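To start, the structure under review is shown below, and the notes come after it.
Each value in this text was obtained by applying a stated rule to the coordinates, not by laboratory testing. Just so you know, these numbers come straight off a predicted model, no measurement behind them. Neighbour counts run over all protein chains shown; Cβ positions are idealised from the backbone, glycine included.
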Amino acid sequence: MDIRIGITNSPREISFESSQSAADVQQVIQTALESGAKLFTLVDNRGTAYLVPTETFGYAEIGSEEARRVGFVS
C-alpha cells in the first residue's frame, strides 16, 4: 500500500510503499499522537524504517490495499 506523510514547514512529503495494513499504519500513528510520544516508526517493503516526529507531523495519506492492475481493459 502507498503511504504519504506530510511534515509541517517542509515542502516535500515522505512517500513509500509498505506491506503493513491500513489499520496497522493508522493504529501506529494514532497511538503515538494520543500517548504524546516524540516519534513513530513505519517500515517500507524493503525494510527501511521511517522515524517521523509527532511534533511536526502534518498528515498521512494511506492508499488502498488493492494490487494495481497492469494492462489494457477491453
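In terms of other Cβ atoms within 10 Å, I62, I14 run from fewest to most in the order I14, I62.
Close amide-amide hydrogen proximity is noted between L39 and T54, each under 5 Å apart and 5 or more residues distant or on a separate chain (H modeled in the peptide plane; Pro and chain starts excluded). Scalar couplings 3J(HN,Hα) for segment 50-64, obtained by applying the Karplus form with A = 6.51, B = -1.76, C = 1.60 to θ = phi - 60°, are 10, 9, 10, x, 5, 4, 10, 5, x, 7, 10, 10, 10, x, 6 Hz; x denotes Gly and Pro.
Applying the Karplus relation 6.51 cos²θ - 1.76 cosθ + 1.60 with θ = phi - 60° to segment 24-31 yields 3J(HN,Hα) values of 5, 4, 4, 5, 4, 5, 4, 4 Hz, where x marks Gly and Pro.
Would you kindly calculate the translational diffusion coefficient of the chain, applying Stokes-Einstein with the Kirkwood radius from alpha carbon pairs, for 25 °C and a viscosity of 0.890 mPa s, and quote it in µm² s⁻¹ without decimals? Intermediate values should be presented prior to the final figure.
Numbers: Rh = 13.3 Å.
Calculated translational D: 185 µm²/s.
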